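The next block holds one structure in the form of structure tokens; read it before the comments.
The values are calculated or read from the model by the stated rules, or taken from the named source; none is laboratory data. The model shown is predicted, which means the values in this text are computed figures rather than measured ones. Cβ sites come from the backbone with ideal geometry, for glycine too, and all protein chains shown count toward neighbours.
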Amino acid sequence: MKKLLLFFLITSYITTSFCQSKKEEYKDCASQKYYKEDFIGAIICLDKLIALYPNDSVAYNDRGLIKEIIHDYTGAIADFTKEIEIDPTFADSYFFRAMTKDKLKNRKGAIADYKMTVTYEPKNSDAYYFMGLNQFAIGDTKSALLNYKTALLKRTDNYSVYAEIGLLKAQSKKYTEALNNCNKAINLDKTIEKAYYYKGWIKAQQLHYDEAIIEFEKAIDLNPNYEEALYYGNLKRNFSGFKMALIQFNKTENATKTDSSYYKKGLVNLYLKEYKTALLNFDKSVAIHPNWSKLYYQRAFAKSQLHDVDGAIADYTKFLQFEPKHDKTYYQLALEQLKKNDLVAALTNLTKAIEIDEYIPEYYLKRSEIYLIKNETENSCNDIKKFIALGGTYRFKSPKSTCK
């Protein structure tokens, strides 16, 4: 009996030591793969660790974080959920799951997880802040303001919160309070672009268009992406007086001859649909600063409007040399290639756009149209289904009738 017990103890020790060494091996493997940005490899290492230790909560959390990086949001949520089942008081997993739900526009689900985050980590200022953002998005401004204020109580230097309070106040037409909060955000961080944008929007509501343009310019200088989504966007539909302010701005810029001034004039020309003049200004800007990537994107758009398809393709391609992960440019490039009936190139670029951001419904709709032209009905139907799943409304009869 003693010999049998001794054998069991020795066997148990060897097995335990083996498992422990394998656990560390898989952890190190995952870490090394992660730092080399081999995210799939890191996930495989964590898969092996979890197979060995199915209740290792940290492994699930880490795998969820990596899945989120590669846009496997469903998989990430599943891992965070498993981690929470094992350790229901771990605040970070609620927080990470909430942020992932944010990306899927699951506002109510995100709010619920942010609430759980602060239950176990009541000092988490960002959780209150993000909870407020989601509440504001669904129209619950009262709760949003309460959580913004709580976020500031937890951390007074959370500058982003001041900017969002400014936007909330502006929605209520409390413009003086709104501007004060935006200024607080800027005083804490001079590079917070959204605070400048919100100030521009507020100034426009007050009909101070010249001042609004100045604030918009500051936002764009800090973040060029604001050009597409925000540059005068909601103003050109609502304020006829804004056009005159833009024209005056363009005249004022004539006194300077820098790459930035020509670029800004070109943007205003685009807004005013003066595409030939816009192209001339972008050309002058490129001559001064040939490595300024966003110039090529805007010039490509101007060329497209002037029906210079080859020129637009060349400039979109040039832009991608600087910004190879800009999904919208691959989409725009595909649209130009379709004008030349280059289905192969258009299909390739739409697929690249989807690989970069798989949650844009328009990409799938356009790709489905190409598949239909190529008589690849099954692929077309799959893309239509994805388009609808992402919130798109499909209005065409074919090939919907043949899609199961």
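In segment 17-63, the qualifying residues are those that are among the polar types (S, T, N, Q) and either buried (at least 17 other Cβ atoms within 10 Å of the Cβ) or in a helix (DSSP H, G or I) (or both), and the one that is modelled with the highest pLDDT is Asn61. Scanning segment 59-72 for residues that are within 17 Å of Tyr26 (Cβ to Cβ) and either hydroxyl-bearing (Ser, Thr, Tyr) or free of Cβ contacts under 8 Å to residues at least 12 places away in the same chain (or both) turns up just one, Tyr60.
Would it be correct to say that Tyr129 is more than 29 Å from Pro54 (Cβ to Cβ), part of a helix (DSSP H, G or I) and of a type in the set (Ser, Thr, Tyr)? For Tyr129, the condition - more than 29 Å from Pro54 (Cβ to Cβ), part of a helix (DSSP H, G or I) and of a type in the set (Ser, Thr, Tyr) - is met.
Looking at the structure I just gave you, is Tyr175 buried (at least 20 other Cβ atoms within 10 Å of the Cβ), out of contact with any Ser or Thr (no Cβ under 9 Å at 6 or more places or on another chain) and at pLDDT below 95? It is false that Tyr175 is buried (at least 20 other Cβ atoms within 10 Å of the Cβ), out of contact with any Ser or Thr (no Cβ under 9 Å at 6 or more places or on another chain) and at pLDDT below 95.
I'd like the full set of residues that are surrounded by fewer than 18 Cβ atoms within 10 Å (Cβ to Cβ) and closer than 17 Å to Leu188 by Cβ, limited to segment 127-153.
Kept after step one, since they are surrounded by fewer than 18 Cβ atoms within 10 Å (Cβ to Cβ), are these residues of segment 127-153: 137-143, 146, 149, 153.
Listed by number, the residues that qualify are Lys149, Leu153.
In segment 266-319, which residues are under 19 Å from Leu350 (Cα atoms) and either of a type in the set (Val, Ile, Thr) or in contact with a Gly (Cβ under 9 Å, 6 or more places away or on another chain) (or both)?
Ala300, Ser304, Val309, Ile313, Thr317
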